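The block underneath contains the structure these notes are about, expressed in structure tokens.
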There are 2 protein chains.
Amino acid sequence: MRTVSENRCFGGVQGVYAHASEATGTEMTFGLFLPAEAADGPVPVLWYLSGLTCTHENAMVKAGAQGWAAEQGIALVFPDTSPRGADVADHEDYDLGQGAGFYVNATEKPWAPHFRMWDYVANDLPELLFAEFPLERERQAICGHSMGGHGALTLAMAHPGRFRSVSAFAPICNPTGSDWGRKQLRAYLGEDEGTWARHDASRVMEEKGFEGPVLVDQGADDQFLELLRPETLARAMATRRQEGAFRIRKGYDHSYFFVASFMEEHVNFHAEALWA
Amino acid sequence: MRTVSENRCFGGVQGVYAHASEATGTEMTFGLFLPAEAADGPVPVLWYLSGLTCTHENAMVKAGAQGWAAEQGIALVFPDTSPRGADVADHEDYDLGQGAGFYVNATEKPWAPHFRMWDYVANDLPELLFAEFPLERERQAICGHSMGGHGALTLAMAHPGRFRSVSAFAPICNPTGSDWGRKQLRAYLGEDEGTWARHDASRVMEEKGFEGPVLVDQGADDQFLELLRPETLARAMATRRQEGAFRIRKGYDHSYFFVASFMEEHVNFHAEALWA
């Protein structure tokens, strides 16, 4: 692992690090905010998964999360959204290939060799983080925006006992029923739609749910409502009697201005679960 | 004036607008955050002047100011840092020409036709803002970062009665004595150093000071300390017996992580003066 940068931030350190990932077979870059308390021992950690076109950097500089995390004494980790590099497959569309990993393990050509973001976020990066930094493996939570909201929800439900809480800003809720999903799941996982189901947050929510609290915020003026399909997740949460809240926010769109506006509430929501 | 974008943000609206500027003779772009209270009538306004290489956008997306401004019910305006365009003079160095207006009115070739950022921020943009938006002309404050801190301090001291308070993050304090200043003042204003003096915050502070409170934050690990010369301003403030505070922040550098870390304190500092 090598240090790309470290900046003092809200009394802690906002770092950027790169490491060779076994899962993706590439060098991967991530951001990590450690609050001041990390100097004295392990702290809880909140994962933030980003959306289409993002790198590790977008949320790190635009979401305004560090101040609230510092107040709560918790760390933040910002993974990249795909493998990258000249030797890594890509596509001319913004929503496929590099910057659009969709948090799955690709099985199809040309994506299979490197596009293993599920394994990267679920296994590879955690191993590194808990070995290298003062983070509490027993106190993890996860959130994300858009494609990252999809990733946060599906990863949280697939790993019972790992995350104490999960939240999402304008998540892709129903990728098996949307052009933000069908295109990518077909490309990465192939024609057999049976392999897609475990990557559909609404379907997994309806079938098994999440053992902790779930928080979802969705802007009413989001320009991508037809692609996100929030109604499928709202219905699944209600059908499942899932502990949590699904909220529609009048006037807000899909941007980071929306994310930043409600970041305090999301960090505090997770902090309550992390410190319980 | 045309609307480039408007996004709901912390209960208000983060807008981006473009207009034909008489001062610069170009189209200029600026950001404006209006809190929810602006729907009911004029609100106070805090100017934020950005640093070298920045556009109107950097602070708008990275400084985390909107949340605090929303809490205080004040607007934020984010001007660009120079005229721009294919027909506008430029230079290969990052610290001269486009993105580096230095908040002066250029008198020298090739800069004189468009590089009139002093007039733009002092006269042109205010006329537009107070005509088009619900902002209180009697309740203005100003802040800035690096080159923008230099601009905020010099503009505030040159316009007694206009701004109730002024603050700066890591300002260029002594441009007449620094490579961040001598190069640009010579290029824009010519060889006669007598014309430079009113653009040197430390010298103006020592000669006339500011009638309201002044707040300056400077990171102790700033990578540009030799260019910023904070000691000149600290000395001038103390010599002048200027009301205010000059603070050194251990461990912080020159980045927006530093700015964001102390934005709450700066917004609240201005709000106290604006609502007095």
Coil-residue GluC sites (Glu not before Pro) of region B:45-138, DSSP, other Cβ within 10 Å capped at 14: B:Glu92, B:Glu108
Candidates A:Arg139, A:Arg116, A:Arg249: whichever shows maximal mean-square fluctuation once chain A is modelled as a Gaussian network with Cα springs under 10 Å: A:Arg249
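Dipole of the protein assembly as shown, Cα-centred, from +1 at each Lys and Arg C-beta and -1 at each Asp and Glu C-beta, to the nearest 20 debye? If you can, show how the numbers build up before the last one.
Working: 46 positive and 76 negative charges, 149 e Å.
That gives the protein assembly as shown a dipole magnitude of about 720 debye.
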Taking a point 7 Å out from Cα toward Cβ as the label site, list the nm distances between A:Ser5 and the same residue in every other copy, smallest first. 2.0
Find, among the residues of chain A, the one whose Cβ sits nearest the axis of the rotation taking A to B; state the distance in whole Å. A:Gly64, 2
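Past the 25 angstrom mark, what percentage of all C-alpha to C-alpha distances in region B:10-141 do you count?
On the way: 2199 of 8646 pairs.
Counting every Cα pair in region B:10-141, those more than 25 Å apart make up 25 percent.
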Under the Kirkwood approximation applied to all pairs of distinct alpha-carbon atoms, what is the hydrodynamic radius of region A:88-241 in Å? 15.9 Å
Label distances, nm, B:Glu108 versus same residue in remaining copies, Cβ-directed 7 Å point: 6.1
Taking the Cα centre as origin and putting +1 on Lys and Arg beta-carbons and -1 on Asp and Glu beta-carbons, what dipole magnitude results for chain B, to the nearest 20 debye? 460 debye
Computed on alpha carbon atoms, what radius of gyration and Dmax characterise region A:120-201, expressed in Å? 14.0, 43
Quick one: label points 7 angstrom along Cα→Cβ at A:Asn123, distances to the other copies in nm, smallest first? 6.8
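Give the average, rounded to an integer, of partner chain Cβ atoms located within 10 angstrom of each Cβ in A:57-69.
Values: counts 0, 1, 0, 2, 9, 4, 2, 10, 1, 4, 7, 1, 0.
Taking the mean over all residues of the peptide, I get 3.
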For region A:152-173 and region A:26-57, write down the distance between their C-alpha centroids in whole Å. 16 Å
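For region A:227-276, give the percent of accessible area contributed by carbon and sulfur heavy atoms, probe 1.4 Å, rounded to a whole number. Show your work: numbers first, answer last.
Details: 1230 of 2410 Å².
About 51 percent, which is the carbon plus sulfur part of the accessible surface.
Can you list the GluC sites (Glu not before Pro) in region B:174-214 that are in a DSSP coil and have 11 or fewer other beta carbons within 10 angstrom? Before the final figure, lay out each step's value.
On the way: sites: B:Glu191, B:Glu193, B:Glu206, B:Glu207, B:Glu211; in loops: B:Glu191, B:Glu211.
Answer in residue order: B:Glu191.
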Principal axes first, then extents: for the Cα atoms of chain B, list largest minus smallest coordinate on each axis, whole Å, largest first. 50, 43, 33
iface A-B | buried accessible area, total | probe 1.4 Å | Å², round 100 | 1700 Å²
To the nearest 0.05, what FRET efficiency results for A:Met1 and A:Thr176 with a Förster distance of 41 Å applied to their C-beta separation? 0.70
Mind checking which of A:Ala236, A:Ala197, A:Ala39 has the largest fluctuation in a GNM of chain A, springs on alpha carbons under 10 Å? A:Ala39
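What average number of partner chain Cβ atoms lie no more than 10 Å from the Cβ of the residues making up B:251-261? Working shown, then result.
On the way: counts 6, 4, 5, 1, 6, 3, 13, 4, 0, 7, 10.
Per-residue shielding by partner chains comes out at 5.
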Quick one: net charge of B:Pro42's neighbours, Cβ under 10 Å, K/R +1, D/E -1? -2
With a sphere of radius 12 Å drawn around the Cβ of A:Val121, what net charge do the other residues whose Cβ falls strictly inside it have (Lys, Arg +1; Asp, Glu -1)? -2
Plugging the Kirkwood radius over Cα pairs into Stokes-Einstein for the protein assembly as shown, at a temperature of 4 °C and a viscosity of 1.567 mPa s, what D comes out in µm²/s? 52 µm²/s
Radius 12 Å from Cβ of A:Thr195, net charge of other residues (Lys, Arg +1; Asp, Glu -1): -3
State in Å² the accessible area per residue of the protein assembly as shown; use a 1.4 Å probe, count heavy atoms of protein chains only, and round to the nearest integer. 37 Å²
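The values are calculated or read from the model by the stated rules, or taken from the named source; none is laboratory data. Just so it is clear, the structure is predicted and the values come from calculations on it, not from any experiment. For neighbour counting, all protein chains shown are included, and Cβ atoms are generated from backbone atoms with ideal geometry for every residue, glycine included. Ligands, DNA and RNA are stripped out before the accessible areas are found, and what is left, the full protein with its side chains, is counted by its heavy atoms. Shrake-Rupley method; radii C 1.70, N 1.55, O 1.52, S 1.80 Å.
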